[in-house]
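Presented below is the structure to which this report refers.
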Amino acid sequence: MARTLVIIPTYNEIENLPRLLERIEATKLGVDVMIVDDGSPDGTGKWVKEQLPLRKYLHLIQREGKQGLGSAYVRGFRFAIENGYDYVFEMDADFSHDPDFLPKFLEEIETHDLVLGSRYVKGVTVINWPMSRLLLSYFANVYARWATGLPIQDTTGGYKCFRVAALKSLDLAKIHSDGYSFQIEVTYKLWKKGFRIQEIPIIFMDRTAGVSKMSSKIIKEALFLLIRLRFLDGSA
Ligand SMILES: Nc1nc2c(ncn2[C@@H]2O[C@H](COP(=O)(O)OP(=O)(O)O)[C@@H](O)[C@H]2O)c(=O)[nH]1
Ligand SMILES: [Mg+2]
C-alpha cells in the first residue's frame, strides 16, 4: 500500500479545518494529514494539537508567526521525504480543493510524477470568484505559459499531488518563493527535469468562511519570478 501525506498549510482556518478533516476522513482513503500552522491567532494550531491523540493520521508542525505558504509546503515536503511517504498532496484548508477529487489524483499519480488539479482544462471551472479575480488568475496563467513555455493550462493552482521520489530531486533549500510563484516554480523545475506531469479537471470553489491571504505582494512576486525563470535561471 502506497503511503500518502496531505499537507494543509493554515493561517486562521478554525472555521474550515474541523469540517475539512471530516470530509477527508469520509473518503476512507487512509491518507495521513500534515497541518503546517503559522501560529494562527484564531487558535487553529491549538485545536489541531488537541486533536492529535484522537486522530492518529494527523500530524502538526507549528511555526511562529506567518511565514508564507511556500516555506510551509517546503517544511511539509521535508517531513514527507524523511518519513518515507510515496505521495504528497498540497491542499488549501478553505474547501477550494474538494477532497472528493483525491481518488482521481491518486489514480493518475500511479503513472505520473506530478498531478495538477486544473481550473482551466475543461473550460473554466471556478465557482464564486468575482470576475476581477478570475480574470487576474486566467491571464496570469496565459502569461505564465508564455513566459515559461510550460505546456500547462493552470500553473498557479495549489491542489497538487507529487510523487515523493520526484520531489527528492529538487534542491528544496533553493526554493524561496511564495503563493502563486511557489506553485509555478516547483512545477517548472520538475518539468525541466523531464518528470511526467498530468492535469486533471477540478471544480474550484472560493472560500465561504475565513479570509483570503492573497495580496498584491504575492502577485508582484509572481511577475518577477517568471522573468527570473525565463531569462536568468534557465538552468533551474
Ligand atoms: N502556514 C501558512 N498557511 C498559509 C499562509 N498563507 C496562507 N496560508 C494557507 O494557505 C491556503 C491558501 O490561502 P488562501 O488565503 O485561501 O489564498 P487564496 O486561495 O489564494 O485566496 C489556506 O489554507 C491558508 O490558510 C501562511 O503564511 N502560512
Ligand atoms: Mg483560498
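The values are calculated or read from the model by the stated rules, or taken from the named source; none is laboratory data. Please read all numbers here as calculations on a predicted model, not as lab measurements. So basically every Cβ, Gly included, is an ideal-geometry build from the backbone, and we count neighbours across all protein chains shown. Surface areas here come from the heavy atoms of the whole protein model, side chains and all, with no ligands, DNA or RNA. Shrake-Rupley method; radii C 1.70, N 1.55, O 1.52, S 1.80 Å.
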* To do: Could you tell me which residue of the range 4-39 is nearest to C161 (Cα to Cα), considering only residues that are open to solvent by 10 Å² or more (accessible area, probe 1.4 Å) and among the hydrophobic types (A, V, I, L, M, F, W, C)?
  => V31
* When you look at A93, is it in contact with a Leu (Cβ under 6 Å, 6 or more places away or on another chain), within 16 Å of ligand 2 (Cβ to nearest atom) and among the small types (G, A, S), yes or no? -> yes
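What do you reckon, is Y57 within 11 Å of ligand 1 (Cβ to nearest atom), closer than 23 Å to P103 by Cα and hydroxyl-bearing (S, T, Y)?
No.
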* Kindly indicate whether any position in the range 40-49 is open to solvent by less than 50 Å² (accessible area, probe 1.4 Å), within 16 Å of the chain's Cα centre (by Cα), within 14 Å of ligand 1 (Cβ to nearest atom) and without any contact (Cβ under 8 Å) to a residue 40 or more places away in the chain. => no
* Every residue from the range 186-216 that is of a type in the set (D, E) and surrounded by fewer than 18 Cβ atoms within 10 Å (Cβ to Cβ) -> D206
* Structure fact -> Being of a type in the set (V, I, T), out of contact with any Pro (no Cβ under 9 Å at 6 or more places or on another chain) and part of a helix (DSSP H, G or I) narrows I7, I81, I61, I14 down to just I81
* Name the single residue, out of those in the range 113-131 being in a strand (DSSP E or B) and not β-branched (V, I, T), that is farthest from K160 (Cα to Cα). => S118
* Asked: Would it be correct to say that I219 is within 16 Å of ligand 1 (Cβ to nearest atom), open to solvent by 40 Å² or more (accessible area, probe 1.4 Å) and either under 25 Å from E110 (Cα atoms) or in a helix (DSSP H, G or I) (or both)?
  -> yes
* Check V74, V88 and return the single one that is away from ligand 1 (no atom under 14 Å from the Cβ) and among the hydrophobic types (A, V, I, L, M, F, W, C). => V88
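Yes/no matrix, rows are residues, columns are (1) modelled with pLDDT of 95 or more; (2) not small (G, A, S):
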{"position": "E110", "(1), (2)": "yes, yes"}
{"position": "D113", "(1), (2)": "yes, yes"}
{"position": "K122", "(1), (2)": "no, yes"}
{"position": "N128", "(1), (2)": "no, yes"}
{"position": "S132", "(1), (2)": "no, no"}
{"position": "S137", "(1), (2)": "no, no"}
{"position": "V142", "(1), (2)": "no, yes"}
{"position": "T148", "(1), (2)": "no, yes"}
{"position": "D154", "(1), (2)": "yes, yes"}
* **Matching residues, the range 151-178, being part of a loop (DSSP other than H, G, I, E, B), open to solvent by less than 60 Å² (accessible area, probe 1.4 Å) and closer than 20 Å to G70 by Cα** => D154, T155, T156, G157, G158, Y159, S169, L170, I175, S177, D178
* Enumerate the pairs (first residue in the range 57-70 and of a type in the set (S, T, N, Q); second residue anywhere and within 16 Å of ligand 2 (Cβ to nearest atom) and open to solvent by less than 20 Å² (accessible area, probe 1.4 Å)) with beta-carbon separation below 9 Å, excluding pairs fewer than 6 apart on the same chain, so at least 6 apart or on different chains. => Q62/I35; Q62/V36; Q62/D37; Q62/D38; Q67/D38
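To keep it simple, each residue is scored yes or no on (1) modelled with pLDDT under 95; (2) surrounded by 18 or more Cβ atoms within 10 Å (Cβ to Cβ); (3) not small (G, A, S).
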position: K66; (1), (2), (3): no, no, yes
position: S71; (1), (2), (3): no, yes, no
position: I81; (1), (2), (3): no, no, yes
position: E90; (1), (2), (3): no, yes, yes
position: D94; (1), (2), (3): no, yes, yes
position: H97; (1), (2), (3): no, yes, yes
position: P103; (1), (2), (3): no, no, yes
position: E107; (1), (2), (3): no, no, yes
* Asked: For the range 119-146, what are the residues that are away from ligand 2 (no atom under 16 Å from the Cβ) and crowded, with 20+ Cβ neighbours inside 10 Å?
  -> Y120, N141, A144
* Structure fact -> Flagged in the range 17-48 as out of contact with any helix residue (DSSP H, G or I) (no Cβ under 8 Å at 6 or more places or on another chain), more than 22 Å from F77 (Cβ to Cβ) and either modelled with pLDDT under 95 or assigned to a helix (DSSP H, G or I) (or both), in numbering order, are R19, E22, E25, K46
